[in-house]
Amino acid sequence: EVKLVESGGGLVLPGASLKLSCIVSGFTFSDYWMRWVRQAPGKGLEFIGEIKPDGSKTNYAPSMKGRFTISRDNAKNTLYLQMSSVRSEDTATYYCARLGGIIDVMDAWGQGASVTVSS
Amino acid sequence: DIQMTQSPASLSASLGETVTIECRASEDIYNGLAWYQQKPGKSPQLLIYNANSLHTGVPSRFSGSGSGTQYSLKINSLQSEDVASYFCQQYYDYPPTFGSGTKLEIK
């Protein structure tokens with residue numbers, strides 16, 4: 001069974017940093033591009049960025065470049081999202097997702113990690 | 001970025017009815033369109049890709065159609081388990097962008 005489990009969310013002060021993790025199982029992690037997508041409370045979905053299977057390349061949505069860093073550890077089957085200088089607008093549920101092998105669609109998602117930025 | 005305009009924002013229909021959700025792209029996306037279903041409190045799940053291809057395990061009452069800039073998701077014989085929000089997403093151009101979602105309720 002394909003499984004993605006995010007962790008590391010919580011309440012964080014404005015300006016602080018936070019690192020989310022996504023541990024996967026049920027598929028060969030090192031074969032797939034992986035993405036992060038977020039959803040503000042009651043809002044739609046927003047693409048953050050993605051990382052190549054071997055970790056050698058990352059792409060980010062222009063609005064996310066600079067404060068978000070995606071990385072992975074294929075030996076640990078884990079995807080990461082480093083968030084820095086967080087602000088209230090970053091309050092959201094953060095999802096990791098697997099990019100389908102042939103088509104650029106997200107065919108498996110985690111349950112999400114909730115991040116609240118507040119003083 | 002390609003803008004995705006989704007309508008309606010919310011929809012209420014009776015069990016057994018057929019409903020249609022529309023998605024319009026700001027430019028031609030050449031069928032590079034997916035639909036996702038997000039049940040309350042859950043993560044999104046892929047329904048349809050390439051505008052009209054059903055993802056594995058998705059019931060056949062779901063179907064997608066369209067071309068160019070206009071796409072639609074149709075749900076036949078609405079069931080109670082279809083209560084969810086539905087999002088379109090284009091993947092023709094980078095960055096991938098989503099519609100604002102349609103919340104489907106049972107009347």
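The values are calculated or read from the model by the stated rules, or taken from the named source; none is laboratory data. On a predicted model such as this, the values are computed, not experimentally measured, just so you know. With ideal geometry, Cβ positions are generated from the backbone for all residues, glycine too; neighbour counts draw on all protein chains shown.
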- Task: Residues being surrounded by 13 or more Cβ atoms within 10 Å (Cβ to Cβ) and over 8 Å from the mean Cα position of the chain (by Cα): count how many of those fall in the stretch B:21-41.
- Result: 11
- Note on the structure: Output for Cβ contacts, cut-off 9 Å, separation at least six or different chains, first residue over 14 Å from A:GLY42 (Cα atoms) in the stretch B:96-107, second assigned to a loop (DSSP other than H, G, I, E, B) and of a type in the set (D, E, K, R), reads B:PRO96/A:ASP104; B:THR97/B:ASP1; B:LYS107/B:GLU17
- Query: Pairs, please: C-beta under 9 Å, at least 6 apart or cross-chain, first residue closer than 12 Å to B:TYR86 by Cβ and at the interface with chain A (Cβ under 10 Å from one of its Cβ atoms) and in the stretch B:31-54, second in a loop (DSSP other than H, G, I, E, B) and acidic (Asp, Glu)?
  - Reply: B:ALA34/A:ASP104
- Note on the structure: Considering only strands (runs of 3 or more DSSP E) wholly within the stretch A:35-119, the ones with at least 2 residues that are under 15 Å from the mean Cα position of the chain (by Cα), surrounded by 19 or more Cβ atoms within 10 Å (Cβ to Cβ) and at pLDDT 95 or above are A:45-51, A:68-73, A:78-83, A:92-99, A:106-109, A:113-117
- Starting from residues that are aliphatic (A, V, I, L, M) and within 22 Å of B:SER10 (Cβ to Cβ), keep the ones in the stretch B:54-100 and report whichever is surrounded by the most Cβ atoms within 10 Å (Cβ to Cβ). B:LEU73
- With respect to the numbered conditions (1) at pLDDT 95 or above; (2) surrounded by fewer than 12 Cβ atoms within 10 Å (Cβ to Cβ); (3) within 14 Å of chain B (Cβ to nearest Cβ), which one is the sole condition not fulfilled by A:ASP31? (3)
- Residues of the stretch A:7-51 being closer than 19 Å to B:PHE98 by Cβ and charged (D, E, K, R), which ones? A:ARG35, A:ARG38, A:LYS43, A:GLU46, A:GLU50
- Task: Restricting attention to the stretch B:73-90, report how many residues are closer than 16 Å to B:LEU47 by Cβ and either in contact (Cβ under 8 Å) with a residue 60 or more places away in the chain or among the basic types (Lys, Arg) (or both).
- Result: 9
- Query: Are any of the residues in the stretch A:11-18 closer than 20 Å to A:ALA108 by Cα and either touching a residue at least 12 places away in the same chain (Cβ under 8 Å) or not in a strand (DSSP E or B) (or both)?
  - Reply: no
